[in-house]
Structure formats: structure tokens, C-alpha cells
Amino acid sequence: KKDSLTAIRTFTVIFFAFTVLLALSIERFALLAVVPTAIGVALGTARIASWTQNSKIFSPLSLKNTCLGILLAYILWQSHLTARVEHPIYNSTWDRMMIYLRQNTPEEAIVTSWWCPGHFISSRAKRRVTFDGATQNTPQIYWVANLFLENSEAKAVSILRMLDLSGNSAVDLLTEKMKLSEAISLIHALLPLQRSEAFDLLKNKLGPQDTVKVLNKTHGMHTPPPAYLLIYNDM
């Protein structure tokens, strides 16, 4: 029994440390720490109860009731604070916007925004998105960030064109021939150029055949799908 408790305590400490390290990189992963914290609280309460079993001041039963009372009061207080402060992200305003998108954009349209409303758009507005909460780890997030930060409207539109045509696959194709940093710099240089100018810049680096493959992903051979950019106040 003692060995089992030691194993549980060791596992809990390692689990807690691992979740804290994850939370330092991605904040929402702090939720994973709830499990080892709950186990640790239970183990700690049991240890306190064992320390006071022979105490004349506290009996195990009274200590247990006291701990449960404090825990219940804390949970109720935190629930009260949460109910006052928290509010649903999806509300009537978002719903009206999603209905507007569905009714006023072509079915083949692609809507680009930050990742947060991605699932709203795909599920309620029924439109494709560049990325959403489940795909925010893809390279598209880099290009969308550049799109929003870009001073040149022409360059921003060219980024959007590439995203709607092929996502990040132009970079993937170039990284077969060069370093990732070089590929990204080259894409940045190609995007604002006309297709003929981009061809002249790229053909000496890749050759005519591979150049056409890349330009089909950045500039396209045909008109790309209808593109929409969704910007909201929180941005």
C-alpha cells in the first residue's frame, strides 16, 4: 500500500510539472493541470487527516467536515464570480453576422479572419475558412498575420490570393529546393509581382517547369475562389 501511494504521488508531481510546462507555451493547456491538482488535493487532505487522528482537538470526522465545508464554500464563491464575469462568446450579434455571410456570399467563397470565429463561419455561415481553432497550428496563421500587418493593400491581396489558391503549399514546394527561411523570403518577393515578372525572378532559381508549379500556387492559372476578409471590433 505504501509503495502504491508513493507511485501515485510521484506520478501526480510529474503530471503536474508536465502540464505547467505545456501551459507556459499554450495558455489553455493549464486546464490539464486540473487533474493532477485534484489528485494532489485529495492526497494532501488524506495526509492531514492522518496527522490529526490522535489529536484531542480535531477528530477525523470533524476535520473531514471542516475541509468539505471550506471546499464547498470556495467552489460556490468561484462559481458566483464566474457567473458574473464570464459571458458566451457566440451571441446574437455573431449569429446575425453568420446568417448575413451565408445569405450574401457565394457557396464556393472562402472567408479569412483570425482563427477565433473559424468554427462559427464553417458551421453556421456554411463557408470555407482559411483556418480555425482546430487548425491554428498550420502555417496559414503566419500568412494571415502578415496579411493583417501589411501596409500595402496590393501585397495583402496577393497573400490572400495565395492562401485561397493553395494555402502554404508553395512554400512546401520551395523547401524541397532550399531552406525554409529562403523559401519564405522568396514567396514574399514573388507575391506582389505580376505573373510574368515573378516568372523571370524565379526561373533562374528553379528552372521553367518548377517555376510554373510554384506560380500556379501563388498567382494561379484561373480566377481564385471569391475571397472575403472578416474583421471585427476585438481585432
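Here are the numbers for this structure:
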{"read-out": "Sole exception among (1) acidic (D, E); (2) surrounded by fewer than 12 Cβ atoms within 10 Å (Cβ to Cβ); (3) not in a loop (DSSP other than H, G, I, E, B) for D95, by number", "value": "(2)"}
{"read-out": "Within the range 23-34, considering residues that are under 14 Å from the mean Cα position of the chain (by Cα) and surrounded by 14 or more Cβ atoms within 10 Å (Cβ to Cβ), the one nearest to A134 (Cα to Cα)", "value": "F29"}
{"read-out": "Residue ID - nearest to N216 (Cα to Cα), chosen from residues in the range 170-181 that are assigned to a helix (DSSP H, G or I) and open to solvent by 70 Å² or more (accessible area, probe 1.4 Å)", "value": "D172"}
{"read-out": "Residue in the range 116-133 that is within 23 Å of L206 (Cα to Cα) and open to solvent by 30 Å² or more (accessible area, probe 1.4 Å) present", "value": "no"}
{"read-out": "Lone unmet requirement of (1) among the hydroxyl-bearing types (S, T, Y); (2) exposed (fewer than 14 other Cβ atoms within 10 Å of the Cβ); (3) at pLDDT below 95 for S166", "value": "(2)"}
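Matching residues to (1) touching a strand residue (DSSP E or B) at 6+ places or on another chain (Cβ under 8 Å); (2) open to solvent by 50 Å² or more (accessible area, probe 1.4 Å); (3) not in a loop (DSSP other than H, G, I, E, B):
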{"site": "A183", "(1), (2), (3)": "no, no, yes"}
{"site": "I187", "(1), (2), (3)": "no, no, yes"}
{"site": "D200", "(1), (2), (3)": "no, yes, yes"}
{"site": "K213", "(1), (2), (3)": "no, yes, yes"}
{"site": "H222", "(1), (2), (3)": "no, yes, no"}
{"site": "Y228", "(1), (2), (3)": "yes, yes, yes"}
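The values are calculated or read from the model by the stated rules, or taken from the named source; none is laboratory data. Please read all numbers here as calculations on a predicted model, not as lab measurements. Positions of Cβ are generated from backbone atoms using ideal geometry, with glycine treated the same way; all protein chains shown enter the neighbour counts. Ligands, DNA and RNA are stripped out before the accessible areas are found, and what is left, the full protein with its side chains, is counted by its heavy atoms. Shrake-Rupley method; radii C 1.70, N 1.55, O 1.52, S 1.80 Å.
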